[in-house]
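Notes to accompany the following structure.
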Amino acid sequence: MEAGMMSDKLTLVVGATTNPTRYAYFAAGRLSAAGVPFIPIGVKTGELFGEEIIDLRTKPDLENIHTITLYIGPGNQVEWIDYLIGLAPKRIIFNPGTENPVFFQKAKAKGIEVLQACTLVMLSTDQY
């Protein structure tokens with residue numbers, strides 16, 4: 001898939017961090033390199049590949065989110081589930097270690113595609 005074809009897949013990277021050893025950091029870098037627009041959001045501050053990390057605690061009103069890719073574990077998801085579902089994404093990717101059956105079912109019930117997958121693998125195999 002060409003990068004231009006992915007430009008309509010605005011992706012919310014939940015759990016964004018400037019720590020280069022974290023998967024959320026790698027994912028933001030890969031999205032950026034692939035030409036996929038992304039919004040980093042989390043409780044950390046800083047800039048990630050030219051995008052300022054938005055404070056998740058403010059539950060900002062975001063629009064046109066195509067994909068939410070999760071990098072926070074189930075124990076840290078509880079207070080954000082309804083907020084994230086309320087953004088009405090087309091899909092939510094539960095990366096390894098973020099699987100949450102409650103969140104999964106709530107999202108599915110709202111007609112959101114849910115995937116237990118790895119954003120990095122999906123990008124590297126043109127399945128994003």
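A short reminder: the numbers here are calculations on the coordinates, not readings from a lab. Note that the structure is predicted; figures quoted are calculated from it, not measured. Glycine gets a Cβ as well: all are built from the backbone with ideal geometry, and neighbour counts include every protein chain shown.
Bin by bin, in steps of 10 Å, what percent of the Cα pairs in the chain do you find, going until the bin that has the longest distance?
13, 50, 34, 3
Could you work out how far apart the two model spin labels at N64 and D126 are, taking each label as a point 7 Å from the Cα in the direction of the beta carbon, and quote it in nm?
For the pair N64/D126, the computed spacing is 2.6 nm.
Most mobile of A28, A109, A88 per a Gaussian network model of the chain (Cα springs, under 10 Å)?
A109
Once label points are set 7 Å from the Cα along Cα→Cβ at both D82 and D8, what is their separation, rounded to one decimal in nm?
Result: 3.3 nm between the two label points.
Specify the inter-centroid distance of region 66-128 and region 37-51, based on alpha-carbon positions, in whole Å.
One Cα centre to the other: 18 Å.
Over the chain, calculate the relative contact order: mean separation of alpha carbon pairs under 8 Å at least 6 apart, over the residue count, as a percent. Show your work: numbers first, answer last.
Working: 235 pairs, mean separation 29.0, N = 128.
Over the chain, the number comes to 23 percent.
Work out the charge dipole of region 1-99 with +1 on the Cβ of Lys and Arg and -1 on the Cβ of Asp and Glu about the Cα centre, then indicate which of G86, L62, F49 is farthest towards its positive end.
Going by the Cα projections, it comes out as F49.
Once you charge only the Cβ atoms, +1 for Lys and Arg and -1 for Asp and Glu, what is the size of the charge dipole of the chain about its Cα centre, to the nearest 20 debye? Write out the running numbers ahead of the final one.
On the way: 11 positive and 13 negative charges, 68 e Å.
Using Cβ point charges on Lys, Arg, Asp and Glu, the chain gives about 320 debye.
Using r as the Cβ-Cβ distance of E52 and T21, and R0 as 22 Å, what FRET efficiency do you calculate, to the nearest 0.05?
Working: r = 21 Å, r/R0 = 0.94.
In this case the efficiency is close to 0.60.
Please rank K108, K9, fewest neighbouring Cβ atoms within 10 Å first, as an exposure proxy.
Working: K108 12, K9 19.
If I rank by nearby Cβ atoms, fewest first, I get K108, K9.
In region 3-124, what % of DSSP beta bridges are antiparallel (nearest 5)? All intermediate terms of the calculation are to be shown ahead of the outcome.
Working: 2 of 20 bridges.
Rounded to the nearest five, the antiparallel share is 10 percent.
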